[in-house]
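The values are calculated or read from the model by the stated rules, or taken from the named source; none is laboratory data. What you are looking at is a predicted structure, and each value in this text was computed from that prediction instead of being measured. Neighbour counts are summed over all protein chains in view; Cβ atoms, including those assigned to glycine, are modelled from backbone coordinates with ideal geometry.
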Amino acid sequence: MSDVLDRLYEIIIDRVNKKPQGSYTVELLDKGKEYIARKVGEEAVETIVASLSEGRERFISESADLIYHLWVLMSVEGVRPEELYEELRRRMK
Ligand SMILES: N=c1c2ncn([C@@H]3O[C@H](COP(=O)(O)OP(=O)(O)OP(=O)(O)O)[C@@H](O)[C@H]3O)c2ncn1[C@@H]1O[C@H](COP(=O)(O)O)[C@@H](O)[C@H]1O
């Protein structure tokens, strides 16, 4: 799990550094933090709707969209996945 999330973050950072054409991540980054933060909210709502009325497959798909957009926002915040894992570890009972 964290392996996939770590790789996703590294790809996002690569897009930040190289800004290749046709990259959706670069498109998001160009639109700025406020836009990306709003996208996280939008994807969260889509995840809720999927959970309540659209079935398991849509829930998985929307959850993945949510995590991807959250990861892009984390890159803007300069927060690495390890810091998030650490916070989750700290809460473990
Ligand atoms: N995991 C994802 C991922 N999940 C979702 N999305 C995109 O997120 C968008 C979400 O769809 P929406 O309908 O909400 O948004 P939209 O209508 O396309 O865009 P808006 O106009 O609403 O902003 C879609 O365009 C998806 O393609 C993703 N785009 C990229 N990745 C990962 O990011 C990496 C880099 O991608 P690029 O930056 O495109 O090279 C890829 O290798 C993937 O691993």
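If Leu84 satisfies every condition in (1) in contact with a helix residue (DSSP H, G or I) (Cβ under 8 Å, 6 or more places away or on another chain); (2) within 10 Å of the ligand (Cβ to nearest atom) but one, which is the exception? For Leu84, the failing item is (2). If the condition is being closer than 17 Å to Tyr9 by Cα and of a type outside the set (Asp, Glu), then the stretch 23-38 contributes Ser23, Tyr24, Thr25, Val26, Leu28, Leu29, Lys33, Ile36, Ala37. Please find, within the stretch 13-28, the residue that is surrounded by the most Cβ atoms within 10 Å (Cβ to Cβ) out of those that are near the ligand (Cβ under 9 Å from one of its atoms) and among the hydrophobic types (A, V, I, L, M, F, W, C). So, considering only residues that are near the ligand (Cβ under 9 Å from one of its atoms) and among the hydrophobic types (A, V, I, L, M, F, W, C), the one surrounded by the most Cβ atoms within 10 Å (Cβ to Cβ) is Leu28. Here the condition is being more than 12 Å from the ligand (Cβ to nearest atom) and at pLDDT 95 or above; of Ala44, Ala37, it holds for Ala37 alone.
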